[in-house]
Structure formats: C-alpha cells, structure tokens
Amino acid sequence: MIKFFRHIRQTLIMENKTSKYFKYAIGEIVLVVIGILIALQINNWNERRLDRLEEKAILKAIKSDFNNAIGEFTDLIQNRRDLQNANKTIFSLIKTKELDYKKSQLDSILSILLIGPTYNSQTKTLEVLFNSGKINLITDNRIKNKLVSWPTLVEDMKEGELDDVQVLKDKIIPLLNTYVSFFDLNRKFNFKGYNMFDKSLQGAYPANYKGLFKDRNFENSLSLRALYTNVAVLETNELINEAEGIINMINQYLGKEQ
C-alpha cells in the first residue's frame, strides 16, 4: 500500500502536475490522520472494555469480602451477647448478695468476661483499591462513595472495641486475679469450641466469689464495660446493615451490566 502511494506521488511529480500532487498530498495526510484517529478510538474502546472487565472483577471481590465481613460481625455480636448475658447474671448476684450458682457455674459465667472480641477486617480488596488508586475504576458514584466512607465507620466501631479491651485488661482482669483462680476460669473458657487449657491443672488458692461480688470496683468496671459492649453491638449492627446495602447496590449494578 505504501509503495502504491509512493508510485502515485512520483508519477504526478514526473508529469509536472503540481496542483494535483498537492491535492493528493493533502488527501493522503487526511487519510493518515483519519487512520490515526480510528486507531486511537479503537485503543480507547479496548481500554474502556478492559476497565469494565476489571471493574466487574473488583466489585465481585468486594462483594465476597463484605459477605465475609458480615459473617465476622455476626460472630462478634454473638460474643457480645454472651458478655451482656454474663453481665446481667453477675449484676443480679451482686445485688442479691446470694450465690445461687454452683462453683462450676460461677466459673463458667466469669470465664465469659475474659472474651475481648475484636474485628479483624475482612475487606482486603478495598484496602488494595485505596492503595493502588483503582477505586476510580468504579463508575457508580453511589457504590464508590459508600466504599470510601466504609473505613471511617469501621474505625469508629474499632475505637469502642479498644476501650472495651482496655477495661478488661486494666480493671476486670486485675480484680479477677485478686479474688478467683484463673485455673478454674481457664478450664471453663470456650473459644470456638477449642480446648484452650489443660483441664487437669489445679490451682493452689481457693476462690473468693463473695469478696469479688462485694467489691464496688468490680461492679463499676462491669458497668463501664457493659456500656462499651452495648455501643459495640449497636455499631456492629449498623455495619452489617451498611455492608448489606453495599452488596445490594453491587448486585444491581452488575445486573445492569450483564
């Protein structure tokens, strides 16, 4: 094709047809420009097509992450419900000053206080998106805005978790250490059905449950932790609702793109 055009140019020059040559040259330039524009258009179209394919893959991965996050949130809420129920039982014992439970039952109730449930972040795809800048591949602004605001919502909940764990470490555990045997509590401690402690081990010191329940610091520490636990349950439920909303928006968007 190039030889063909070169031959035409040479023929026109040799025949001294200058005006025709210039017209032909302009036409050739126009054809080249049109070819370049078509090539750019094809390249842009192909890039957009690849971006949309990557966007779909990203949204599917995000949806999977959020489903996993909902599962973890559900487990966290169950753990916190267990804490709430244990607190209610202990508050009742403190108020009545009567130990209506056997020692093994008291150990089981108090062992629940050792739980410090925290969220371990199940949205790794979202973190990669923010770090790589590929969040801009998501064209639906509703979804993008929700994803951008998600880390702030999680951080608010995690701050409450840290306050809860701090009360456990700084206040409740020292009080339990004063009045009861961790050998007894550890034998009753249940973490996802695993045996976390050698149940054959026996402590040398007797527990003083009455002393623990009469200690005002214990009641106040439990009350403070109950507040943080209740707030965490509320915020975790809000995160579940938010995650479900994001998943629904992604499903709707992917459905339109089919």
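Scanning region 131-149 for residues that are among the hydrophobic types (A, V, I, L, M, F, W, C) and touching a residue at least 60 places away in the same chain (Cβ under 8 Å), we see that the one that is most open to solvent (accessible area, probe 1.4 Å) is LEU137.
Considering the conditions (1) open to solvent by 70 Å² or more (accessible area, probe 1.4 Å); (2) of a type in the set (A, V, I, L, M); (3) under 15 Å from VAL180 (Cα atoms), VAL128 is excluded by exactly one of them, (3). Among the residues of region 68-121, those that are open to solvent by 50 Å² or more (accessible area, probe 1.4 Å), more than 28 Å from the chain's Cα centre (by Cα) and without any contact (Cβ under 8 Å) to a residue 60 or more places away in the chain comprise LYS88, SER92, LYS95, THR96, GLU98, ASP100, TYR101, LYS102, GLN105.
Residues that are among the basic types (Lys, Arg) and in contact with a helix residue (DSSP H, G or I) (Cβ under 8 Å, 6 or more places away or on another chain) were ranked within region 168-187; the one that is farthest from LYS214 (Cα to Cα) is ARG187. Against the definition (of a type in the set (Lys, Arg), modelled with pLDDT under 70 and open to solvent by 90 Å² or more (accessible area, probe 1.4 Å)), how does ARG6 come out, yes or no? When the stated conditions are applied, ARG6 passes them. Filtering region 150-163 to residues that are open to solvent by 80 Å² or more (accessible area, probe 1.4 Å) and more than 15 Å from the chain's Cα centre (by Cα) leaves only LEU162. Out of all the residues in region 98-133, which are charged (D, E, K, R) and out of contact with any Lys or Arg (no Cβ under 7 Å at 6 or more places or on another chain)? Scanning region 98-133 gives GLU98, ASP100, LYS102, LYS103, LYS124, GLU127. Across region 217-227, the number of residues qualifying as surrounded by 20 or more Cβ atoms within 10 Å (Cβ to Cβ), under 17 Å from ASN85 (Cβ atoms) and not aliphatic (A, V, I, L, M) comes to 1. Looking across region 98-124, the residues that are at pLDDT 85 or above and in contact with an Asp or Glu (Cβ under 6 Å, 6 or more places away or on another chain) come down to ASP107, ILE112, THR118. The numbered conditions (1) in contact (Cβ under 8 Å) with a residue 24 or more places away in the chain; (2) open to solvent by less than 60 Å² (accessible area, probe 1.4 Å); (3) within 30 Å of ALA57 (Cβ to Cβ) are all true for GLU244 except (2). Taking the conditions exactly as written (acidic (Asp, Glu) and in a loop (DSSP other than H, G, I, E, B)), does GLU98 satisfy them or not? Considered against the rule, which asks whether it is acidic (Asp, Glu) and in a loop (DSSP other than H, G, I, E, B), GLU98 comes out as yes.
Could you tell me which of the residues ALA69, ALA61, ALA57 is modelled with pLDDT of 70 or more, under 30 Å from ASN190 (Cα atoms), in a helix (DSSP H, G or I) and of a type in the set (A, V, I, L, M)? Being modelled with pLDDT of 70 or more, under 30 Å from ASN190 (Cα atoms), in a helix (DSSP H, G or I) and of a type in the set (A, V, I, L, M) holds for just one of ALA69, ALA61, ALA57, which is ALA69.
Among the residues of region 116-140, the one identified as basic (Lys, Arg) and under 30 Å from LEU83 (Cβ atoms) is LYS124.
The values are calculated or read from the model by the stated rules, or taken from the named source; none is laboratory data. Here the structure is a predicted model, which means the values were calculated and not measured. As a convention, Cβ positions derive from the backbone with ideal geometry for all residues, glycine included, and neighbour counts pool all protein chains shown. The protein model used for the area step is the full one, side chains on, heavy atoms only, and it has no ligands, DNA or RNA in it. Shrake-Rupley method; radii C 1.70, N 1.55, O 1.52, S 1.80 Å.
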